[in-house]
1. How do the pairs read when you match residues in the stretch 25-50 that are in contact (Cβ under 8 Å) with a residue 40 or more places away in the chain with residues anywhere that are in a helix (DSSP H, G or I), using Cβ under 6 Å and keeping only pairs 6 or more apart or on different chains?
2. Need pairs with beta-carbon distance below 6 Å; first residue among the acidic types (Asp, Glu) and within the stretch 1-22, second exposed (fewer than 15 other Cβ atoms within 10 Å of the Cβ) and assigned to a loop (DSSP other than H, G, I, E, B); sequence gap 6+ or separate chains.
3. Give 44, 38, 59 a once-over and let me know the one that is exposed (fewer than 12 other Cβ atoms within 10 Å of the Cβ) and modelled with pLDDT of 90 or more.
4. Assess whether residue 32 counts as being of a type in the set (Val, Ile, Thr), in contact with a Phe, Trp or Tyr (Cβ under 9 Å, 6 or more places away or on another chain) and either outside any helix (DSSP H, G or I) or surrounded by 14 or more Cβ atoms within 10 Å (Cβ to Cβ) (or both).
5. So which residues in the stretch 7-28 are among the small types (Gly, Ala, Ser) and either outside any loop (DSSP other than H, G, I, E, B) or surrounded by 15 or more Cβ atoms within 10 Å (Cβ to Cβ) (or both)?
6. Which of (1) in contact (Cβ under 8 Å) with a residue 12 or more places away in the chain; (2) not in a helix (DSSP H, G or I) is the odd one out, the single condition residue 56 does not satisfy?
7. Restricting attention to the stretch 21-56, which residues are within 11 Å of residue 5 (Cα to Cα) and either touching a His at 6+ places or on another chain (Cβ under 6 Å) or charged (D, E, K, R) (or both)?
Amino acid sequence: MLILQADVTTDGALGDDAATRFTRLLPRGTLIKIPGASHAIHASRPREAVAHIDQFIAST
């Protein structure tokens, strides 16, 4: 499972500790942090979000 983490300094809802914990709990969890992204990652950093999603899908 892919977790995209927004930047907590720009309205991201998931802090580093929680993101790391979620990733460890998920089978084959993958955490990607996107600096500068807001809670709406797809809107604030669409190209980066799509690139990471495409890369994740290609690797599974």
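The values are calculated or read from the model by the stated rules, or taken from the named source; none is laboratory data. No experiment lies behind these values; they were computed from the predicted model shown. Reconstructed Cβ throughout: ideal geometry from the backbone, glycine too, with neighbour counts over all protein chains shown.
1. Short answer, once both residue conditions are applied: 49/41; 49/42.
2. 7/35; 7/36; 11/39
3. Result of the check over 44, 38, 59: 59.
4. Judged against the criteria, residue 32 is a match.
5. 12, 18, 19
6. Looking at each condition in turn, residue 56 falls short on (2).
7. Across the stretch 21-56, the qualifying residues are 32, 33, 49.
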